[in-house]
Amino acid sequence: MRKLVVLVVLAAACGGGKKKGGSTTPEPDTGGGGEVANPGGTGDDMVPAEAMDEIQRLFQRKGNAVSRCLSFAIDNKDLPKNSKGRVTLGVTISKAGRADDVKIIKASIDSKSLNECILGRVKEIQFPEIPRTYETTYTYAFEAS
């Protein structure tokens, strides 16, 4: 039996607008932007930089679980064995640290089972508590080999 290896490359954007974030493999941000329209709020309701960094780390840590979504879609024959692509999520994080609104805003690889799996995995993340709701985007890149 051949073992399927799935690589997940992570890219991130954070803030009220678009801002490039950390990634395990540098990739150009094809989502446009690069500027921060609202870097987390103003005054007392500002989301601390440490919390934004932790949010990005949590997306990265979830990468292994998200990568299994591609394996799942391939095993279910929803996608071919050599599938690769990127999925960008729009996420609204509540004050309590829950991913209340998670949606796919751009995808170069598409499968209903892949999308549902990714959304479910991201909704499992417990983010830090923050002073206000926080909207961000995050991109997972997939490659099966």
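The values are calculated or read from the model by the stated rules, or taken from the named source; none is laboratory data. Given the structure is predicted, the values throughout are model-derived calculations rather than measurements. Note that we place each Cβ from the backbone using ideal geometry, even for glycine, and neighbour counts take in every protein chain shown.
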Report task. For Ser67, state whether it is more than 12 Å from the chain's Cα centre (by Cα), within 23 Å of Ala144 (Cα to Cα), part of a helix (DSSP H, G or I) and of a type in the set (Ser, Thr, Tyr). Result -> no
Report summary line: Ala96 passes all but one of the listed conditions (1) closer than 28 Å to Tyr134 by Cα; (2) among the small types (Gly, Ala, Ser); (3) part of a helix (DSSP H, G or I); the exception is number (3)
Query - From the options Gly85, Gly97, Gly120, residue that is surrounded by fewer than 19 Cβ atoms within 10 Å (Cβ to Cβ) and over 30 Å from Glu50 (Cβ atoms) - result: Gly85
Requested in this report: Please state which of the following conditions Gly90 fails to meet, knowing it meets all the rest: (1) outside any strand (DSSP E or B); (2) surrounded by fewer than 17 Cβ atoms within 10 Å (Cβ to Cβ).
Outcome: (1)
Query - Number of positions in segment 108-145 that are in contact with a helix residue (DSSP H, G or I) (Cβ under 6 Å, 6 or more places away or on another chain), in a loop (DSSP other than H, G, I, E, B) and touching a residue at least 40 places away in the same chain (Cβ under 8 Å) - result: 6
Report task. Being under 12 Å from the mean Cα position of the chain (by Cα) and under 24 Å from Asp75 (Cβ atoms) is the filter here, so list the residues in segment 98-114 that pass it. Result -> Val102, Ile104, Ala107
Query raised in the report: (1) exposed (fewer than 13 other Cβ atoms within 10 Å of the Cβ); (2) at pLDDT 95 or above: which one isn't true of Asn64, the others all being true?
Result: (2)
Query raised in the report: Here is a list of conditions, (1) touching a Ser or Thr at 6+ places or on another chain (Cβ under 8 Å); (2) modelled with pLDDT of 95 or more, and Phe59 meets all of them except one; can you say which number that is?
Result: (1)
Query raised in the report: Right, Arg132: in contact with an Asp or Glu (Cβ under 7 Å, 6 or more places away or on another chain) and charged (D, E, K, R) or not?
Result: yes
Report summary line: Cβ pairs under 8 Å, 6+ apart or interchain, first in segment 83-104 and in contact (Cβ under 8 Å) with a residue 60 or more places away in the chain, second of a type in the set (A, V, I, L, M) and assigned to a loop (DSSP other than H, G, I, E, B), ordered by first then second residue, are Ser83/Ile109; Lys84/Ile109; Arg86/Ile109
